[in-house]
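Here the structure is laid out as structure tokens; the discussion comes afterwards.
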Amino acid sequence: MAPHPDPWRAIDRQPDPARYVRMMESRSRTPTQARVRRRFLRFCRIAPGWKVLEVGVGSGVVARDLAAMVGPRGHVTGVDRSRVLMAAARRRAREEGLARRMDFRLGDAAALPLRTGRFDCALAVTVLLHVARPQAMLRELVRVTRPGGVVGLQDQDFGTQVLDHPDRALTRLIFEGVADRMYPEPYSGRTLVRRLVQLGLERVRLLADVYQVRSLDPFTHSLLKRRTEIAMQFGLIGPRRAAGWLDAIERADAAGHFVFTFNYYGATGIRRGGVALS
Ligand SMILES: C[S@@+](CC[C@H](N)C(=O)[O-])C[C@H]1O[C@@H](n2cnc3c(N)ncnc32)[C@H](O)[C@@H]1O
């Protein structure tokens, strides 16, 4: 069977898994991504001393922010199905002196190796889009959260990518063509509220946010370049059109009018059966 086109489904089987560690860490350093991520974590109302789970933890970018939020009395558990990413997350937690309040476990989001009701908060950040069984993951996030605890999701929505490019038809072909072929649900961001409501969570809240860049930083540059590579793999465009599309982007950047924006949606809900949070 041909491998799934989304590399995030099976990082350890990619030709260079360490590339994805670099990509996550590079994304985390982009000021707009740091702002979007941290704003969502504040929206989750995580308190010092809490036990928090992050599923699809990757190289640990979000988990390290969480460890700072829960403080020395709290704890953060990260789960991921990639050994390479788990090793990177452990190494970085040690380097940042956070290892005592963090642990990382290899596991599948759809069958978490964790006891029922043991977390104050369970999160999946830019993960729902990538997992093979999103509904099973969501049920697991609810299961491991205590009554009255918080379940939170944050995801991009690939129907909201905006690039000021002279060739709008080609831009649409690359963005929509790639997203439609890569992901079963490219518009996952806008589905989060519905999913939490349908899981029976209470007090479901939404935070819509915009990732916005005005210059071609290394992460955004490689993101747009990857879009052309994937569009070529899917046979949507040839190398000449790909190069022309990227040239126009680089020219816009050199002229100081590059604009790329992308919506992120965050949603939280409270697991029934406990004391409601204020
Ligand atoms: C785009 S990364 C997000 C990493 C991290 N949450 C962040 O925002 O920096 C998606 C992550 O989901 C993980 N993943 C994909 N399918 C999974 C599954 N079935 N079970 C657990 N993790 C999975 C990938 O290995 C990857 O680390």
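The values are calculated or read from the model by the stated rules, or taken from the named source; none is laboratory data. Here the structure is a predicted model, which means the values were calculated and not measured. As a convention, Cβ positions derive from the backbone with ideal geometry for all residues, glycine included, and neighbour counts pool all protein chains shown. Each accessible area value is taken on the protein alone, full model and side chains, heavy atoms only, with ligands, DNA and RNA left out. Shrake-Rupley method; radii C 1.70, N 1.55, O 1.52, S 1.80 Å.
Those strands (runs of 3 or more DSSP E) of region 73-143 in which 1 or more residues are small (Gly, Ala, Ser) occupy 75-80, 119-125. The condition (being within 30 Å of Leu123 (Cβ to Cβ) and hydroxyl-bearing (Ser, Thr, Tyr)) is satisfied by just one residue among Thr228, Thr268, Thr171: Thr268.
Would you check if there is a residue in region 52-68 being open to solvent by 50 Å² or more (accessible area, probe 1.4 Å), more than 9 Å from the ligand (Cβ to nearest atom) and of a type in the set (Lys, Arg)? Talk me through it step by step, then tell me what you get.
Let us first name the residues in region 52-68 that are open to solvent by 50 Å² or more (accessible area, probe 1.4 Å), namely 68.
From what's left, more than 9 Å from the ligand (Cβ to nearest atom): 68.
Adding the requirement that they be of a type in the set (Lys, Arg) leaves none.
There is no residue in region 52-68 that is open to solvent by 50 Å² or more (accessible area, probe 1.4 Å), more than 9 Å from the ligand (Cβ to nearest atom) and of a type in the set (Lys, Arg).
For region 41-51, which residues satisfy the criterion of being more than 14 Å from the ligand (Cβ to nearest atom) and part of a loop (DSSP other than H, G, I, E, B)? The answer is Arg45, Ile46, Ala47, Pro48, Gly49, Trp50. What number of residues within region 114-125 satisfy the criterion of being within 21 Å of the chain's Cα centre (by Cα) and either open to solvent by 20 Å² or more (accessible area, probe 1.4 Å) or within 14 Å of the ligand (Cβ to nearest atom) (or both)? So the answer is 5.
Restricting Arg35, Arg22 to residues that are part of a helix (DSSP H, G or I) and surrounded by fewer than 15 Cβ atoms within 10 Å (Cβ to Cβ) narrows the list to Arg35. Could you list all residues from region 52-89 that are under 17 Å from the mean Cα position of the chain (by Cα) and among the basic types (Lys, Arg)? Hits for region 52-89 are Arg64, Arg81. For region 3-19, a residue qualifies if it is more than 8 Å from the ligand (Cβ to nearest atom) and part of a helix (DSSP H, G or I), and the qualifying residues are Pro7, Asp12, Arg13, Ala18, Arg19.
Total residues in region 216-234 satisfying the condition of being under 21 Å from Leu170 (Cα atoms) and either of a type outside the set (Lys, Arg) or in contact with a strand residue (DSSP E or B) (Cβ under 7 Å, 6 or more places away or on another chain) (or both): the figure is 13.
Going through (1) more than 20 Å from Glu140 (Cα to Cα); (2) open to solvent by 50 Å² or more (accessible area, probe 1.4 Å); (3) in contact with a Gly (Cβ under 9 Å, 6 or more places away or on another chain) one by one, Pro15 falls short only on (3). Scanning region 131-153 for residues that are surrounded by 21 or more Cβ atoms within 10 Å (Cβ to Cβ) and near the ligand (Cβ under 8 Å from one of its atoms) yields Val131, Met137. When region 189-207 is examined, which residues are found to be open to solvent by 60 Å² or more (accessible area, probe 1.4 Å) and touching a Lys or Arg at 6+ places or on another chain (Cβ under 9 Å)? Answer for region 189-207, where residues must be open to solvent by 60 Å² or more (accessible area, probe 1.4 Å) and touching a Lys or Arg at 6+ places or on another chain (Cβ under 9 Å): just Glu202.
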